[in-house]
Amino acid sequence: MPQATYHFPKGFLWGTATAAHQVEGNNTNNNWWKWEQEGHTNGSAVLAADWWGGRWREDFDRAAETGQNAHRFSVEWSRIQPTPDTWDEEAIEKYRAMLRGLKERGITPMVTLHHFTDHHFTDPLWVSELGAWETEAIVPLFERFVRKTVEALKEYCTLWCTINEPTGYALGGYVDGGTGAFPPGRNSLKLAMQVQANMIRGHAAAYRAIHLLQPEARVGFAHHYRSIAPHHAWSPLDKFVAGNFFKGINLGFASALAEGVMRSPLGSVRIPEARGTQDYFGFNYYTREYVAFDLRKINTLFGRNFYRKGVELSDHGFLANEPDGMFEGLKWVVRLFPNLPILVTENGVNSADDVLRPRYTAQHIHQMWRAVNFNWPVKGYFHWSLVDNFEWDLGWTHRFGLWGLDLDTQKRIRRPSVDFYEEICRENGLSSEMVQKYCPEVFGKIFPS
């Protein structure tokens, strides 16, 4: 049996990621809470993981005690600026306390200033009432919020993510939103493009504002890379619609930062101020989808997406375990932004019984090591997530945490993946002994004889 260890560079960041609304609890002044109360979701966040009540302390202890040296969390705009003309200094001080808590535990913090995720997001209610990201008036409002927040937190943080998964916001609320599953429930490709363009402008304004306040800052955004493949590689129609999906999901924001032009299947928008506004590329990866031509799918430019037959699926068939998509995506980033540092800002799987999570984690970290072995500048990895959290419209049915959460008692449940990830963090690598111990069923894929 082969014996080896895939090591990562010295100083590599090993952490976990969380998001404000999903772990804080009682976050009642944003549009997603309103959406929950209107009955559009599978339950409500309520206490979530009770971070606003102070339980972040015990979770940060767990992260530190299990070898993690980094943590990515987000701040909630609606807490910091509850109305257009007020700032909540008590809320800001709570976030300062979280950052101090990380620093005291020897953990490098990364702060996300606005956490959208695929289809899901939280804007303050007053921002939603003003039209949110549909109008360019949002840009100076977002910049003002960023200035206030960074000025208050910069003593403890130099690593910033302006916006998480912006494309998911545009597609979820303004394309898939027509199904009524996601706020604001609109259905307009043209409006989706407008929203994304405004988010790019907001990111660029935030990037420059942060560097004025903190010249040494490292600023970027987090992109949800979706691996997209044609259902039939020989079919020109499948290849055409798969290409449209790829451009619509992956290209718009990235192309604006690479060349100052937001590109999409519906056309291009010049945003010259966005060019070069990132110090690293934030890379979120979960799965791969296949796309087939379907005349019935007008709203998605005649593409029907699905997972390939026979692939290993997570709980409820939510994610497909396609680890080579991680390597494919990192290769795409390196080609688009040569020499730009890359942070894997999210990667994980919903696995309540923790059976799939160890092999999913091992296989994806192995693919990340392959990228590092090509001397691609991958500098860190943030596993999603530290503890079970409220998964938006899916509620508490999908469990992504290394640590489980009992909602009735707030008790944390130590899953075996906690120990596996601890060994990875402490070794700064993935060894054959670890894989044999925690997920022997994929040993031959990772350490072939």
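Arranged from highest to lowest average of other beta-carbon atoms within 10 Å per residue, in what order do the peptides 393-402, 357-366 appear?
Sorting 393-402, 357-366 by mean packing, highest first, produces 357-366, 393-402.
Restricting things to alpha carbons, find the Rg to Rh ratio for the stretch 363-449 using the Kirkwood radius for Rh.
Ratio of gyration radius to Kirkwood radius: 1.04.
Ranked from highest to lowest mean number of other Cβ atoms within 10 Å per residue, what is the order of the peptides 22-29, 60-67?
Per-residue mean Cβ counts within 10 Å order the peptides as 22-29, 60-67.
So, by mean Cβ neighbours within 10 angstrom, what's the order for 380-388, 131-139 with the highest one leading?
380-388, 131-139
Taking all pairs of distinct Cα atoms, average 1/r, flip it, and tell me the Kirkwood hydrodynamic radius of the stretch 216-275 in Å to one decimal place.
When all Cα pairs of the stretch 216-275 are included, the Kirkwood radius is 12.8 Å.
Counting helices only, and only those DSSP H runs with n ≥ 4, report the 222 nm mean residue ellipticity of the chain as the sum of -39,500 (n - 2.57) divided by its residues, in deg cm²/dmol to the nearest 500.
Helices in the chain give a 222 nm mean residue ellipticity of -11500 deg cm²/dmol.
Per residue of the stretch 230-242, what does 6.51 cos²θ - 1.76 cosθ + 1.60 with θ = phi - 60° give for ³J(HN,Hα)? Whole Hz please, x for Gly and Pro, Karplus curve as stated.
x, 4, 10, 4, 8, 8, x, 5, 5, 5, 5, 6, 5
Mind running the shape call on the stretch 326-396? Use the C-alpha gyration tensor, a ≥ b ≥ c as the square roots of the eigenvalues: rounded below 1.5 for a/c, prolate if a/b tops b/c, oblate otherwise.
Since a/c reaches 1.5 and a/b is larger than b/c, the shape of the stretch 326-396 is classed as prolate.
Based only on other Cβ atoms within 10 Å, what is the fewest-to-most ordering of T5, T277?
Exposure proxy ranking, most exposed first: T5, T277.
Taking just the C-alpha trace of the chain, give me its Rg and Dmax in Å.
That works out to 20.7, 65 Å for Rg and Dmax.
Between the stretch 81-133 and the stretch 237-315, what's the alpha-carbon centroid distance in Å?
If you average the Cα positions of each part, the centres end up 28 Å apart.
Take every DSSP beta bridge with both residues inside the chain and express the antiparallel ones as a percent of the total, to the nearest 5.
30 percent
Kindly identify the stretch 250-371 as rounded, prolate or oblate by the Cα gyration tensor criterion: order the square roots of the eigenvalues as a ≥ b ≥ c, call it rounded if a/c is under 1.5, otherwise compare a/b with b/c, prolate if a/b is larger, else oblate.
oblate
Can you give me the long-range amide H partners of F281? Hydrogens built in the peptide plane at 1.01 Å from N, cutoff under 5 Å, separation of 5 or more residues or another chain.
Residues meeting the amide H criterion: I342, L343.
No lab work stands behind these numbers, since they all come straight from the coordinates. Only a predicted model underlies this, so the values are computations on that prediction, with no experimental measurement involved. Cβ coordinates were reconstructed from backbone atoms using ideal geometry, including for glycine residues, and neighbour counts include every protein chain displayed.
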